[in-house]
Amino acid sequence: MTKTYHANGKLLLTSEYFILDGAIGLALPTKFGQSLTVENSEENGIHWKSLDNENKIWLEAKFSEQLEIISTNNNEIAQTLQSILQKSQISNLTSQILTKLDFPNNWGLGSSSTLISLIAQWTNANPYQLLEKTFGGSGYDIACATAKSAIIYQLTTHNSRLTTEIKYRPTFTEHLYFVHLNKKQNSRDGIQHYRNLTIDKSEIIEQISELTQKIIHANELDEFCYYLEVHENIISKALNLQKVKDIYFQDFPGTIKSLGAWGGDFVLVASNENTELLEHYFSSKGFPTLLRYEEMIL
């Protein structure tokens, strides 16, 4: 018997790190994700293979029925996987597993969060509890993994969450793009930087929660860009980090906003310029990966 599960990647459009402390965020599930196929095996234990987006094996591991690592091509990643499997309280220990990424591993769309979602789907574990026991984070990426559209996400008191799926297709999507910065950002390092901040976060959380609503309901590109830039200024000041536009794209004719962990992965680009001009501009700066909104977002 063979069964396949799927989990969407994610992009966090608003609230960034402040979503950890109750800010309302707008998150977008992506068309790129990860799949997990389970096939029953006559051999004891689990034989695990992970393929990248080019069908190359980047992890192979064999686990005993006690989830001991018998063999692997990457001990560090196998140990992480072992820990996730143990915490999922998996019962099916005679399986061949094949995972497949739709996107390059360094894109930052959620190779870890999609894995947590997939293992939870397979083992009937609670994905949020599994995330908490492993990588940590707000859980918006877990919500995106199985969402069918954009979500409004908020952590509330008592470690619960509000997730609302919404129809989010701005009339100006043809002017929205995503550019990859060719730098894999470590979310845990970014979260630690955020946790070490000594500022009063309550006012900022209120401001960016309001901005999230304004961004969602913006009807015109100019209005949308204005709110993005206000949001970017607030986060930049709070984190004491330079805006990505100031670092790389000072002469860009449009708006550029960091997404999720600042300093790497994808940025959102909003511009009236045509696609060919944008492709040339970003390639000339050393960033050749540009995707239209409709190519990226579910």
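The values are calculated or read from the model by the stated rules, or taken from the named source; none is laboratory data. Please read all numbers here as calculations on a predicted model, not as lab measurements. Virtual Cβ from ideal backbone geometry, glycine too; neighbours counted across all protein chains shown. To get the accessible areas, we keep the full protein, side chains included, count just its heavy atoms, and leave off ligands, DNA and RNA. Shrake-Rupley method; radii C 1.70, N 1.55, O 1.52, S 1.80 Å.
Can you say whether Ser160 is touching a residue at least 40 places away in the same chain (Cβ under 8 Å) and among the small types (Gly, Ala, Ser), as far as the supplied structure shows? In short, no.
So, in segment 282-298, of the ones that are assigned to a loop (DSSP other than H, G, I, E, B) and either touching a Lys or Arg at 6+ places or on another chain (Cβ under 6 Å) or open to solvent by less than 60 Å² (accessible area, probe 1.4 Å) (or both), which residue ends up nearest to Asp141 (Cα to Cα)? By that ranking, first place goes to Leu298. Only one of the listed residues (Leu98, Leu93) is of a type outside the set (S, T, N, Q), touching a residue at least 60 places away in the same chain (Cβ under 8 Å), open to solvent by 30 Å² or more (accessible area, probe 1.4 Å) and out of contact with any helix residue (DSSP H, G or I) (no Cβ under 8 Å at 6 or more places or on another chain). That residue is Leu98. Just name the residue that is nearest to the chain's Cα centre (by Cα) out of those in segment 17-46 that are farther than 15 Å from Tyr293 by Cα and among the hydroxyl-bearing types (Ser, Thr, Tyr). Only one residue tops the list, namely Tyr17. For segment 125-141, the count of residues that are in contact with a Phe, Trp or Tyr (Cβ under 6 Å, 6 or more places away or on another chain), of a type in the set (A, V, I, L, M) and surrounded by 21 or more Cβ atoms within 10 Å (Cβ to Cβ) is zero. Scan segment 207-245 for residues that are acidic (Asp, Glu) and more than 23 Å from the chain's Cα centre (by Cα) and the total you get is 3. Here's a check for you: in segment 1-50, which residue that is among the acidic types (Asp, Glu) and not in a strand (DSSP E or B) is nearest to Ile142 (Cα to Cα)? Per the stated criteria, the residue is Glu16.
Scanning segment 128-156 for residues that are within 15 Å of the chain's Cα centre (by Cα) and not in a loop (DSSP other than H, G, I, E, B) turns up Tyr128, Leu131, Tyr140, Asp141, Ile142, Ala143, Cys144, Ala145, Ala150, Ile151, Ile152, Tyr153.
Of the residues in segment 21-32, not one is crowded, with 19+ Cβ neighbours inside 10 Å, at pLDDT below 95, of a type in the set (Phe, Trp, Tyr) and closer than 30 Å to Ile208 by Cα.
Rundown of residues vs (1) over 30 Å from Asp222 (Cβ atoms); (2) basic (Lys, Arg); (3) modelled with pLDDT of 95 or more, yes/no style:
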position	(1), (2), (3)
Pro127	yes, no, yes
Gly137	yes, no, no
Tyr140	no, no, yes
Ser149	no, no, yes
Thr164	no, no, yes
Thr173	no, no, yes
Leu181	no, no, no
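Of the helices (runs of 4 or more DSSP H) that lie entirely inside segment 164-261, those containing 1 or more residues that are closer than 28 Å to Thr134 by Cβ, open to solvent by less than 70 Å² (accessible area, probe 1.4 Å) and in contact (Cβ under 8 Å) with a residue 60 or more places away in the chain span 187-195, 202-217, 221-239.
Selection of first residues in segment 273-289 that are of a type in the set (Asp, Glu) and of second residues that are modelled with pLDDT of 95 or more and open to solvent by less than 70 Å² (accessible area, probe 1.4 Å), restricted to Cβ pairs under 6 Å at least 6 apart or on distinct chains, gives the following pairs, ordered by first then second residue: Glu279/Leu290.
Checked against the criteria, Val269 counts as in contact with a strand residue (DSSP E or B) (Cβ under 6 Å, 6 or more places away or on another chain), hydrophobic (A, V, I, L, M, F, W, C) and either outside any strand (DSSP E or B) or in contact (Cβ under 8 Å) with a residue 60 or more places away in the chain (or both).
Confirm whether Val230 is closer than 21 Å to Asp21 by Cα and of a type in the set (Val, Ile, Thr). When the stated conditions are applied, Val230 passes them. Do the conditions hold for Asn53, that is, is it farther than 30 Å from Thr157 by Cβ, open to solvent by 10 Å² or more (accessible area, probe 1.4 Å) and either charged (D, E, K, R) or not in a helix (DSSP H, G or I) (or both)? Considered against the rule, which asks whether it is farther than 30 Å from Thr157 by Cβ, open to solvent by 10 Å² or more (accessible area, probe 1.4 Å) and either charged (D, E, K, R) or not in a helix (DSSP H, G or I) (or both), Asn53 comes out as yes.
With respect to the conditions (1) under 24 Å from the mean Cα position of the chain (by Cα); (2) surrounded by 17 or more Cβ atoms within 10 Å (Cβ to Cβ); (3) under 15 Å from Leu98 (Cα atoms), Thr14 falls short on a single one, namely (3).
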